Amino acid sequence: MADSPKSGRVVGIGGLFLRSTDPDKLSAWYRDHLAIDATASGQATPDGKWSWAQESGDTVFAMFPRDSDYFAQDRQFMLNLRVERLDALLDRLEAAGIAATHREEMDGVGRFARIQDPEGNPIELWEPPVA
């Protein structure tokens, strides 16, 4: 059987792997504050999950110039997470002592806020516009 024109293509992101000084603590932070089923390498979450089942939607995969000031220049990447009810999430994060910065809205693109995980990795929270 011949390959279809779409065979052999990437269809999504299969994982995101971060180096950490304390993988157990950092994965717990992502579970506790962002409701992501994050794991320490080679371990399931406390409730036995090995992966995070996401809702489908768009993923932006963009390269920035090395001297861009869109996020901290000492960081190679910034994680952007699609969220619902950004204000409710920010209220919960702020109650936990996690400060949000760079709040903005872009017409036709959505609303944004930035936080950092305990190891200083930048995270952009993105609430797309309602369709």
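Quick notes
- Scanning the range 54-97 for residues that are basic (Lys, Arg) and either touching a Lys or Arg at 6+ places or on another chain (Cβ under 9 Å) or closer than 16 Å to residue 122 by Cα (or both) turns up 66, 75, 82.
- Candidates 37, 32: the one that is out of contact with any strand residue (DSSP E or B) (no Cβ under 6 Å at 6 or more places or on another chain), of a type in the set (D, E, K, R), surrounded by 11 or more Cβ atoms within 10 Å (Cβ to Cβ) and assigned to a helix (DSSP H, G or I) is 32.
- Candidate set: the range 68-85, residues that are of a type in the set (S, T, N, Q) and under 23 Å from residue 118 (Cβ atoms); chosen: the one surrounded by the most Cβ atoms within 10 Å (Cβ to Cβ): 80
- Residue within the range 86-99 that is more than 24 Å from residue 12 (Cβ to Cβ), touching a strand residue (DSSP E or B) at 6+ places or on another chain (Cβ under 9 Å) and either acidic (Asp, Glu) or loosely packed, with under 10 Cβ neighbours inside 10 Å (or both) present: yes
- Subset of the range 87-118 that is of a type in the set (D, E, K, R) and either in contact with a Cys (Cβ under 6 Å, 6 or more places away or on another chain) or in a loop (DSSP other than H, G, I, E, B) (or both) - its residue that is farthest from residue 20 (Cα to Cα): 107
- In the set (1) closer than 20 Å to residue 119 by Cβ; (2) out of contact with any Gly (no Cβ under 9 Å at 6 or more places or on another chain), residue 65 fails one condition alone, (1).
- Qualifying residue in the range 49-62 (condition: out of contact with any strand residue (DSSP E or B) (no Cβ under 6 Å at 6 or more places or on another chain), without any contact (Cβ under 8 Å) to a residue 40 or more places away in the chain and more than 18 Å from residue 15 (Cα to Cα)): no
- Failed item in (1) over 23 Å from residue 11 (Cα atoms); (2) touching a strand residue (DSSP E or B) at 6+ places or on another chain (Cβ under 8 Å), with residue 128 passing the rest: (1)
- Applying the criterion of being surrounded by 10 or more Cβ atoms within 10 Å (Cβ to Cβ) and on the phi > 0 side of the Ramachandran plot to the residues of the range 100-112, the residue that is modelled with the highest pLDDT is 110.
- Check on residue 84, acidic (Asp, Glu) and part of a loop (DSSP other than H, G, I, E, B): yes
The values are calculated or read from the model by the stated rules, or taken from the named source; none is laboratory data. Bear in mind the structure is a predicted one, so any value in this text is a computation, not a measurement. Note: ideal-geometry Cβ built from the backbone for every residue, glycine included; neighbour counts use all protein chains shown.
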